[in-house]
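This report concerns only the one structure given below.
The values are calculated or read from the model by the stated rules, or taken from the named source; none is laboratory data. All figures in this text were calculated on a predicted structure; none of them were measured in a lab. Reconstructed Cβ throughout: ideal geometry from the backbone, glycine too, with neighbour counts over all protein chains shown.
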Amino acid sequence: MEGAESFAAPVLALSGDQYRAIVAHCYDGLPDEACGLLAGRVDAGGEPTGQVTTVYPCTNADASARTYTVDSRDLIRAMRDAETRHDELVGVWHSHTHSDAYPSDTDVRQAMEPHWLYVVVSLRHAEPVLRTFRIRDGSVTECEVVVTDS
């Protein structure tokens, strides 16, 4: 199919340190949902390449176990830092404290950045589960996640 490649979901590539930082921040946020931002490179069409360069743990301004909003000061700080690194914000993560790692109806409704990657970390079971999604026009597509040794 012509042009299908431009819509292919990227593989989210995290270093081991980035993965551990995300999961640790999710546990630190308990009993509330935790959240943070991802920075990385984008291609000529503005799509994330999938390679994460920086993770930014943020404050959940909602202070809620059911919803999250990235604190506006953290958002501005992350945007400025990413810009100095010649990167862009490419995604957001948040935890689900008692449900599976899949976007809730609220998550889908609030997904305003169609190019972003949406990471959900479930803390429901003994081991955390991290999954990544592309959410566009209410449609949810799962992306592969690769964690490297570094």
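In the stretch 32-44, the residue that is surrounded by the fewest Cβ atoms within 10 Å (Cβ to Cβ) out of those that are touching a residue at least 12 places away in the same chain (Cβ under 8 Å) and acidic (Asp, Glu) is ASP32.
Residues in the stretch 121-150 that are loosely packed, with under 12 Cβ neighbours inside 10 Å and over 20 Å from TYR19 (Cα atoms): ASP137, GLY138, SER139. Every condition in (1) in contact with a strand residue (DSSP E or B) (Cβ under 6 Å, 6 or more places away or on another chain); (2) farther than 22 Å from VAL108 by Cα; (3) part of a loop (DSSP other than H, G, I, E, B) holds for ALA21 except the one numbered (3).
Without any contact (Cβ under 8 Å) to a residue 40 or more places away in the chain, part of a strand (DSSP E or B) and surrounded by 15 or more Cβ atoms within 10 Å (Cβ to Cβ): is that true of TYR118 in this structure?
On the way: without any contact (Cβ under 8 Å) to a residue 40 or more places away in the chain: yes; part of a strand (DSSP E or B): yes; surrounded by 15 or more Cβ atoms within 10 Å (Cβ to Cβ): yes.
For TYR118, the condition - without any contact (Cβ under 8 Å) to a residue 40 or more places away in the chain, part of a strand (DSSP E or B) and surrounded by 15 or more Cβ atoms within 10 Å (Cβ to Cβ) - is met.
Per this entry, THR49 is counted among residues that are among the hydroxyl-bearing types (Ser, Thr, Tyr), surrounded by fewer than 20 Cβ atoms within 10 Å (Cβ to Cβ), outside any helix (DSSP H, G or I) and in contact with a Pro (Cβ under 7 Å, 6 or more places away or on another chain).
If you go through the stretch 128-138 one residue at a time, how many are more than 17 Å from PRO48 (Cα to Cα), modelled with pLDDT under 95 and out of contact with any helix residue (DSSP H, G or I) (no Cβ under 8 Å at 6 or more places or on another chain)?
Of the residues in the stretch 128-138, the ones more than 17 Å from PRO48 (Cα to Cα) are 128-130, 137-138.
From what is left, the residues that are modelled with pLDDT under 95 are 137-138.
Within this subset, residues satisfying the condition of being out of contact with any helix residue (DSSP H, G or I) (no Cβ under 8 Å at 6 or more places or on another chain) are 137.
Going through the stretch 128-138 one residue at a time, the tally reaches 1.
State all residues of the stretch 121-150 that are touching a strand residue (DSSP E or B) at 6+ places or on another chain (Cβ under 6 Å) and outside any strand (DSSP E or B); if no residue qualifies, say none. Step through it out loud before you land on a result.
We begin by selecting, within the stretch 121-150, every residue touching a strand residue (DSSP E or B) at 6+ places or on another chain (Cβ under 6 Å); these are 121-123, 128-135, 140-143, 145-148, 150.
Correct list: LEU123, PRO128, SER150.
With the checklist (1) farther than 22 Å from VAL121 by Cα; (2) touching a residue at least 24 places away in the same chain (Cβ under 8 Å); (3) in contact with a strand residue (DSSP E or B) (Cβ under 8 Å, 6 or more places away or on another chain) in hand, flag the one item GLU47 doesn't pass. The one condition GLU47 does not meet is (3).
Between GLU83, GLU88, GLU47, GLU113, which is more than 21 Å from VAL147 (Cα to Cα) and under 15 Å from the mean Cα position of the chain (by Cα)?
Values: GLU83 fails: under 15 Å from the mean Cα position of the chain (by Cα); GLU88 fails: more than 21 Å from VAL147 (Cα to Cα); GLU47 fails: more than 21 Å from VAL147 (Cα to Cα).
Within the list GLU83, GLU88, GLU47, GLU113, the selection yields GLU113.
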